[in-house]
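*Asks:* I'd like to ask some things about the structure below.
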Amino acid sequence: MHALCLGLFVVLVALTRSARAADCLPEHDALVDRAFATYEQRRFGEALAGFLEAFDACPSARTHQGLGLVALELGRFHESALALRAALRILNPPLEAPARSDTERALARAESLLTWSVVYRALTQRCDVHSLTVCGEAESVKC
């Protein structure tokens, strides 16, 4: 599990570099298609590896989308929201209409689950409401 978290962290650090998906090689699409096929089979560890490989080859809106969807399934709501937001921001080329609306729905779900996980943690750890600090991830709740 630590390897998955580390892999997601490495990707999220790399989100800051500008992506020029239009310059991606044709093999990139095949990598992304295979990763999505693995994701659809609910083999999330393998899908993560596939999306990371595609991301290394060429960061694109589709690789960010895939990484965000995998992170959502793995319960990593903060990383999911970051990757999905990045997927929506990339305009060269942008996600097509169906993928864009799917990504927007997944982002709304990730943000909702992140909020609820923070609230749940605060309630179960009997935090004083005045000491609750949310910096985007449940681990940042101070009790």
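*Asks:* Among the candidates ARG76, ARG121, which residue alone is free of Cβ contacts under 8 Å to residues at least 60 places away in the same chain and among the charged types (D, E, K, R)? Before you say what the answer is, go through the steps one by one.
*Replies:* Working: ARG76 fails: free of Cβ contacts under 8 Å to residues at least 60 places away in the same chain.
Result of the check over ARG76, ARG121: ARG121.
*Asks:* Could you list, in sequence order, all residues of region 2-44 that are modelled with pLDDT of 50 or more and not in a helix (DSSP H, G or I)?
*Replies:* The answer is CYS24, LEU25, GLN41, ARG42, ARG43.
*Asks:* Also, quick follow-up: For region 112-128, does any single residue satisfy the condition of being out of contact with any Asp or Glu (no Cβ under 7 Å at 6 or more places or on another chain), at pLDDT 95 or above and charged (D, E, K, R)?
*Replies:* Within region 112-128, not a single residue is out of contact with any Asp or Glu (no Cβ under 7 Å at 6 or more places or on another chain), at pLDDT 95 or above and charged (D, E, K, R).
*Asks:* Then there's this: Just give me the residues in region 81-103 being within 17 Å of VAL70 (Cβ to Cβ) and not in a loop (DSSP other than H, G, I, E, B), in sequence order.
*Replies:* The answer is ALA81, LEU82, ALA83, LEU84, ARG85, ALA86, ALA87, LEU88, ALA99, ASP102, THR103.
*Asks:* Has region 58-69 got at least one residue that is part of a helix (DSSP H, G or I), surrounded by fewer than 20 Cβ atoms within 10 Å (Cβ to Cβ) and at pLDDT 95 or above? Outline the logic, then answer.
*Replies:* From region 58-69, those part of a helix (DSSP H, G or I) are 61-69; that's our starting set.
Retained after the next criterion (residues that are surrounded by fewer than 20 Cβ atoms within 10 Å (Cβ to Cβ)): none.
Within region 58-69, not a single residue is part of a helix (DSSP H, G or I), surrounded by fewer than 20 Cβ atoms within 10 Å (Cβ to Cβ) and at pLDDT 95 or above.
*Asks:* Filter region 57-81 for residues that are within 21 Å of GLU27 (Cβ to Cβ) and touching a Ser or Thr at 6+ places or on another chain (Cβ under 9 Å) and give the result.
*Replies:* Residues of region 57-81 that are within 21 Å of GLU27 (Cβ to Cβ), as a first pass: 57-67, 70.
Matches in region 57-81: ALA57, PRO59, ALA61, HIS64, GLN65, LEU67, VAL70.
The values are calculated or read from the model by the stated rules, or taken from the named source; none is laboratory data. Because the structure is a prediction, the values reported are computed rather than measured. Here the Cβ is made from the backbone with ideal geometry for all residues, glycine too, and neighbour counts use every protein chain on show.
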